[in-house]
Structure formats: structure tokens, C-alpha cells
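Since the structure comes first, as C-alpha cells, the remarks are kept for the end.
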Amino acid sequence: MRITCPNCGERDRREFYYQGDALALTRPAPDAGPHAWDDYLHNRDNPAGDTQDLWFHEAGCGAWIVVNRNTVTHAIDDTRLAATVKR
Amino acid sequence: MRYSGFRVIKEGFFGQKGWKPVWRDPDPKPEYDAVIIGGGGHGLATAYYLAKEHGLTNVAVLEKGYIGGGNVGRNTTIVRANYFLPGNSEFYSHSLKLWEGMEQDLNYNVMHSQRGLINLFHSDGQRDAFARRGNAMINQGDDAVLLDTDGVRKILPYLDFENGRFPIYGGLYHPRGGTARHDAVAWGYARGADQRGVDIIQNCEVTGIDIEGGVVKGVQTTRGAIKAKKVGIVVAGRSGQVAQMAGMRLPIESHVLQAFVTEGLKPIIDHVVSFGMGHFYISQSDKGGLVFGGDLDFYSSYAARGNLPMKEHVMDAAMTLMPMIGKARVLRSWGGIMDMTPDGSPIIDKTATDGLFIDCGWCYGGFKAVPGSGFSFAHLMATGRHHEPAAGFRLNRFRDGVGLMDEEGTGSQHNLH
């Protein structure tokens, strides 16, 4: 699997650290309550198909990247910097 | 039909023509007392114990593929009870006891071989941690022996003891650990359940779960609607998709775990050897293939195949531990889909829907748990009360933070196990 870093271009998967579902970008408000926080921290849609992950270009430029990836085929169709994703 | 040595000899004289299929192939009935979604090891064991322990025989097991075709036929077959934390420790201890009586109980040869399992350590700190784990195992009533370097050398002479990075200081020996023939376990439970009246229905995929007023009423399948008073979801690897049919989101991320087997060799590895520092473990199958594996690929996946970097890492670890393995040739590799929970421990619980139960989240340790999970899940489904050894496997422990079982001590969030 190769991942295209928006800064560095296509790189080996080994340069990246996988964080998990990109829902980390939609953090609940501090006072959103225990259910919202439980949902955010633990529960996952866990789709068999298209998903959005957060990967960290650890051995490269250090950017956090949102990766559109298919969990069944491992095909990656889009990557963009997490910093540019609207919240 | 009972199996026996006499029967094997007799069939030898008559051209092996007396063997019959060991379970029926029934069409689904319109209604059951209980429906188990998922005909893997855990689902079949659940149905078996529902019938045997609780007299519940109007039960169907619905399997979308064929019996033995999922993770129960794709794992590295290790059976052990060397857990440390309360909650896990008593559960796996109970499960191992069921393993030890399984062949007589099922009248089926699952080739359970208690060849002993050794977890290696490579530093004083690790020795202390394993001594503590061994004491926990002994307190639980199981067996553990702390071996020093010479003790390990006696039974595993082929390891690289003087390795520069990971010199072997010793190992925690668990004599009752071992392996079993994985698909025979599925077949044995399927046969046992079928003999007690359970319908095992293959090629029957569940497409919906019927819920009315917070009570489960049955399931929709590719072979029609089936009514049921109780429904159990036991579909590790696909738990998220099936739970979604009941409107649930689970604390589970699916990951791929790879395993490897070499061509058949003469007997060389007599035990199960676990090299935790390299995330590597190995045993030798009765056919002679070296069966080994490593860690997760560490990204969510349903591909049932992994990537090359983890293959390389596993081969590196193998060469580090036992350089002789370089002469073996890998025959094939494969990947299984693991239900990974935030704390690395499983879930056996009721759900918010009356009559709907779930057994999932077995991470990469589901095989050894097959009898224990089936026994405890059947207990929960039949009585509505948690079976004591599995009482810690609550679905809500992540929400309330009580009773988390983080066996590795790495934290209770996704992607840490």
C-alpha cells in the first residue's frame, strides 16, 4: 500500500502511522456529555467499504493526512491535509 | 453414530463406505426459540451448549457461507490460559478446562495437543513481569513454570540465545497450552449441536433484524424471514455490519492479522513458542508445516489479506529468534479479520434490545475461547444472567470506564492493541 502525501507525493505505507477513523476531527464539545464522548472515543461505524482515516506522515513531513480508502480493496482515491479540512 | 477405534478398523475392511454426513442440511423453519447469527466456532459452540446445558433445542445457527469457512478455519490454532487480569483469567481458565474435556464430550477428535507454550523474555524487567503473570496463573489454578536460560535451552535448543538485541533470559512455560485442529473444532460442535436437534443452516445470510417496541422478533435472511424469541449475534469480523442492522454502533474496529505456513517438514518444533518482543509466535502442525504469525497490519481492513511490510517484519522476527528457519520455504500466507476492541478484551452481553444478545470483540484471541465463549454466551441467552467467568465482558465498560481489561497495559483506546 502506498499513500500520497499532499506535501511529499506518493510514499511507502511504512512512512505513516495510522491513527484511525477521521472522526477525530469532529471532537465533541467539552460539556457534550458522557454519551457523546463515549461515542467519539470508542464506537465506530467500521464500514466494509469506503472510509476516511487519519494517517500521520511520521517518517516524512510530519503532516496529518485524511485518507479516503476502501477497507475491502485497500484502494486509496484521495488524500488531503487534515489542516485544510473544514470543521 | 459414535466414533471409536473399532469403527475406524471396521470401515477399513469395508472400503470406508459406512461413513455418513455428520450433520443434516435442513431448510429453515419459520420460527425458532433462539437463532444464532454466525456459524463459526463461537456460534456453533453456543448452539451446542444451549442444547446440552439448557435443554434449548429449537435453535437455528445461520451461516452465510459454509461451516469452517471463516476465522475458525483460518487461525493459528493456539489454545492457552495464560492471562493475567481478573475478568480474563477466570474466563480462559474455564475455557481451557472445557478444551480438556472436549473430545470426550463431543466424541470427536479435535487433535487437541497440550504440547506446552513458552513465552520468552529478554530482560530483568520482563522476567519480573512474567514471574508476576505466572503467579497470577497459578493463583487462578492453572499451571506456569518460570524457566531460566538453561531451562529454555533444554527444551528449545534451536533458538538464538546469544542474540545481540534480544538475548534469551528465560521463558514462562505453560505446560497445558498447545494447539488443536481448528476446523475439527467447528465440525465437532456442529455435529454435537445437530445431534441434539439444532438446525445448522448454511448459505443463509442475515440481511435484517426485526425489532418491534424494543423487543427482537426475528431476522430477515436470504432464505426468507425467520421468527425468533431470542437472537444471538456471534459474527466476529463482521460484528459492525450485523450490529448496524439492530441500530447499534460497536466499540470495534476491524483489522487484518496475517499468518503464514511453510511446506511440510520433519518434526522440529515441539511446542508453541512466543517471542513477544518480535510480535512473533510459532508452532508446527501435525502435517509438518511451521505455522507462525505476527502482529496486526495496524489499519482498519476487511481485505482478508495483508501488506508486504508486515510480512517482512514477521520474517525478520523469525530469523532473529531461530536462524535455522531461513531454510524453510513459505507455502502460503493469509489474513483474517479481527474485531479489535479499545482494551483488547472481548464482549459477551445483552443489548439495549430485549432478546438480542451479542458476543464479539475477540481481537486476535478467539480460537482458544471457542468453548468458553459458547458456554458463557449460551448461559446468558438461556438464563438472562451473565455466566460468572465471563461477567467482566460488558459492552458498557468503555462508557463507564469500570472493569476495563487492558491485558497489554497499552491503554484503552483504538489502535493500541
_Out of everything in the stretch B:241-273 that is closer than 19 Å to A:Gly49 by Cα and hydrophobic (A, V, I, L, M, F, W, C), what residue ends up being nearest to the chain's Cα centre (by Cα)?_
B:Leu257
*Among the residues of the stretch B:219-252 satisfying the criterion of being at the interface with chain A (Cβ under 9 Å from one of its Cβ atoms) and of a type in the set (S, T, N, Q), which is farthest from B:Asn396 (Cα to Cα)?*
B:Gln241
*What number goes with the only condition from (1) crowded, with 19+ Cβ neighbours inside 10 Å; (2) within 25 Å of B:His112 (Cα to Cα); (3) charged (D, E, K, R) that B:Asp349 does not pass?*
(2)
*Filter the stretch B:24-66 for residues that are within 17 Å of the chain's Cα centre (by Cα) and among the aromatic types (Phe, Trp, Tyr) and give the result.*
B:Tyr48, B:Tyr49
*In this structure, does B:Tyr83 turn out to be within 15 Å of the chain's Cα centre (by Cα), outside any loop (DSSP other than H, G, I, E, B) and not polar (S, T, N, Q)?*
no
*Return the only residue of A:Asn68, A:Asn43 being more than 10 Å from every other protein chain (Cβ to nearest Cβ) and either within 30 Å of B:Arg238 (Cβ to Cβ) or at pLDDT 95 or above (or both).*
A:Asn68
*Quick check: is even one residue across the stretch A:41-51 small (Gly, Ala, Ser) and loosely packed, with under 14 Cβ neighbours inside 10 Å?*
yes
_I'd like to verify a number: residues in the stretch B:335-345 that are in contact with a strand residue (DSSP E or B) (Cβ under 6 Å, 6 or more places away or on another chain) and not acidic (Asp, Glu), how many?_
5
_So, in the stretch B:1-43, exactly how many residues are farther than 30 Å from B:Gly232 by Cα and without any contact (Cβ under 8 Å) to a residue 12 or more places away in the chain?_
16
*Hey, does the stretch B:328-346 have a residue that's within 30 Å of B:Arg249 (Cα to Cα), surrounded by fewer than 19 Cβ atoms within 10 Å (Cβ to Cβ) and polar (S, T, N, Q)?*
no
*asked:* Just to be sure I understand the filter: pairs with C-beta atoms under 9 Å, separated by 6 or more residues or on different chains, first member in the stretch A:33-57 and more than 21 Å from B:Gly361 (Cα to Cα), second member among the small types (Gly, Ala, Ser) and assigned to a loop (DSSP other than H, G, I, E, B). Which pairs pass?
replied: A:Ala36/A:Ala29; A:Phe56/A:Gly62; A:Phe56/A:Ala63; A:His57/A:Ala63
*asked:* Whether any residue in the stretch A:28-45 is under 14 Å from A:Cys5 (Cβ atoms) and among the small types (Gly, Ala, Ser) is what I want to check.
replied: no
*Of all residues in the stretch B:230-252, which are out of contact with any helix residue (DSSP H, G or I) (no Cβ under 7 Å at 6 or more places or on another chain), small (Gly, Ala, Ser) and in a loop (DSSP other than H, G, I, E, B)?*
B:Ala246, B:Gly247
*Look at B:Gly177 and say whether it is buried (at least 18 other Cβ atoms within 10 Å of the Cβ) and on the phi > 0 side of the Ramachandran plot.*
no
*Would you be able to say whether some residue in the stretch B:281-297 is assigned to a loop (DSSP other than H, G, I, E, B) and under 19 Å from B:Glu408 (Cβ atoms)?*
no
_Every pair of residues 6+ apart whose Cβ atoms lie under 9 Å, when the first sits in the stretch B:255-271 and is more than 23 Å from B:Leu308 (Cα to Cα) while the second is acidic (Asp, Glu) and modelled with pLDDT of 95 or more_ = none
_Selection within the stretch B:379-414 - touching a helix residue (DSSP H, G or I) at 6+ places or on another chain (Cβ under 6 Å) and touching a residue at least 60 places away in the same chain (Cβ under 8 Å)_ = B:Ala382, B:Pro389, B:Ala390, B:Gly403, B:Leu404
*Some residue of the stretch B:374-396 being within 21 Å of A:Asp21 (Cα to Cα) and within 13 Å of chain A (Cβ to nearest Cβ)*: yes
*Could you list all residues from the stretch A:7-38 that are closer than 18 Å to B:Pro251 by Cβ, touching a strand residue (DSSP E or B) at 6+ places or on another chain (Cβ under 9 Å) and more than 9 Å from chain B (Cβ to nearest Cβ)?*
A:Ala22, A:Leu23, A:Ala24
*asked:* Checking the structure you have, find out if any residue of the stretch B:138-161 is closer than 30 Å to B:Gly335 by Cα, surrounded by fewer than 17 Cβ atoms within 10 Å (Cβ to Cβ) and of a type in the set (Asp, Glu).
replied: yes
*Give the stretch B:281-315 a look and list any residue that's within 14 Å of chain A (Cβ to nearest Cβ), in contact with a helix residue (DSSP H, G or I) (Cβ under 7 Å, 6 or more places away or on another chain) and surrounded by 23 or more Cβ atoms within 10 Å (Cβ to Cβ), or say none.*
B:Asp297
*Among (1) at pLDDT 95 or above; (2) surrounded by 21 or more Cβ atoms within 10 Å (Cβ to Cβ); (3) closer than 30 Å to A:Arg13 by Cβ; (4) of a type outside the set (Lys, Arg), the one test that B:Met319 misses*: (2)
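The values are calculated or read from the model by the stated rules, or taken from the named source; none is laboratory data. Not measured: the values here are computed from a predicted model. For neighbour counting, all protein chains shown are included, and Cβ atoms are generated from backbone atoms with ideal geometry for every residue, glycine included.
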